[in-house]
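What follows is a set of notes on a single structure, which appears directly below.
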Amino acid sequence: MRVYVPLTLSGLAEAYKTGELGAGPLVAYAVTPGLRDWYLSDDIEELEYAALSRAALASLRLLAADSGATRRRVVVAVDVPDGAAAADPDRSLDPAALGEVRVAGAVAVAKVASVHVDSGDAEGDVAAAAEALSAADDGDDDAQFVVDGAEDHELLWYATQEIPNLVGLGG
């Protein structure tokens, strides 16, 4: 099963150094029954993109909570065994939890399929979105417009071999 783990660049750097994305349970996003129902599509690529987008929003939440983090959203795509990730049945109808799963146990960086990161030119919009996120959550339409501005930026795809360069550890 493909899951999308939200991170920050500093979180990605730490994962690269330790060799694992976290000890678990790890919050990630995947194509869940709730996401399928919400997105109303049978196209797996569209559904995977929706899960990736949900993880990008979760990455924005991580940035909002860490004022020192580089203002670029990071999502790591990982293949985990079927059954290793499960949605919380108590939150299946919660719109904020669409596609959210918990991955039991540690996830090795060696299992990473790809990394998705904002380009440098998105940093201004991502910073503004992180700043506006709380107000958007409270229903402020102007703030939601700012958050949507970050979502207009497509995350760039990177191979796992590019992680050291992404986090400043490459030579």
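The values are calculated or read from the model by the stated rules, or taken from the named source; none is laboratory data. Note that this is a predicted model, so its numbers are computed, not measured. Using ideal geometry, Cβ is built from the backbone for each residue, glycine included, and neighbour counts are taken over all protein chains shown. Only protein heavy atoms, including side chains, enter the accessible area calculation; ligands, DNA and RNA are left aside. Shrake-Rupley method; radii C 1.70, N 1.55, O 1.52, S 1.80 Å.
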Task: Cα shape, region 41-114, gyration tensor, a/c 1.5 rule - done: rounded
Task: Neighbourhood net charge (14 Å Cβ-Cβ; Lys/Arg +1, Asp/Glu -1) for ASP42 - done: -4
Open item on the list: With θ taken as phi - 60° and the coefficients 6.51, -1.76 and 1.60, list the Karplus ³J(HN,Hα) couplings across region 47-53 in order, rounded to whole Hz; mark glycine and proline as x.
Closed with: 5, 5, 5, 5, 5, 4, 5
TODO: Provide the three semi-axes, in whole Å and in decreasing order, of the ellipsoid equivalent to the chain as defined by the square roots of 5 times the Cα gyration tensor eigenvalues.
DONE: 23, 22, 14
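Sorted from largest to smallest, which semi-axis lengths in Å does the alpha carbon gyration tensor of region 72-150 give for its equivalent ellipsoid, taking the root of 5 times each eigenvalue?
Details: eigenvalues 160, 81, 11 Å².
Semi-axes (√(5λ), whole Å): 28, 20, 8.
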Open item on the list: Using the basic label-point model (7 angstrom from Cα toward the beta carbon), what is the TRP38 to SER10 distance in nanometres?
Closed with: 2.8
Open item on the list: Give me the one-decimal nm value for the distance between modelled label points at ALA110 and ASP82, 7 Å along each residue's Cα-to-Cβ direction.
Closed with: 2.4
TODO: Using a 1.4 angstrom probe on heavy atoms only, work out the carbon and sulfur share of the accessible area of the chain in %.
DONE: 51
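Give me the compactness ratio for region 86-130, meaning the Cα radius of gyration over 2.2 N^0.38 Å.
Dividing the Cα Rg of region 86-130 by 2.2 N^0.38 Å gives 1.65.
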Task: Spin-label pair SER134/ASN165, simplified geometry with 7 Å Cα→Cβ offset, distance in nm - done: 3.8
Open item on the list: Could you give the length gained by full extension between LYS17 and GLU123, i.e. 0.36 nm per residue of separation minus their alpha carbon distance, to one decimal place?
Closed with: 35.7 nm
- [ ] Per residue of region 17-28, in order, report the coupling 6.51 cos²θ - 1.76 cosθ + 1.60 (Karplus, θ = phi - 60°) as ³J(HN,Hα) in whole Hz, putting x for Gly and Pro.
- [x] 5, 8, x, 8, 6, x, 7, x, x, 10, 7, 8
- [ ] Normalising by the residue count of region 1-152, find the relative contact order in percent from Cα pairs under 8 Å and 6+ residues apart.
- [x] 31
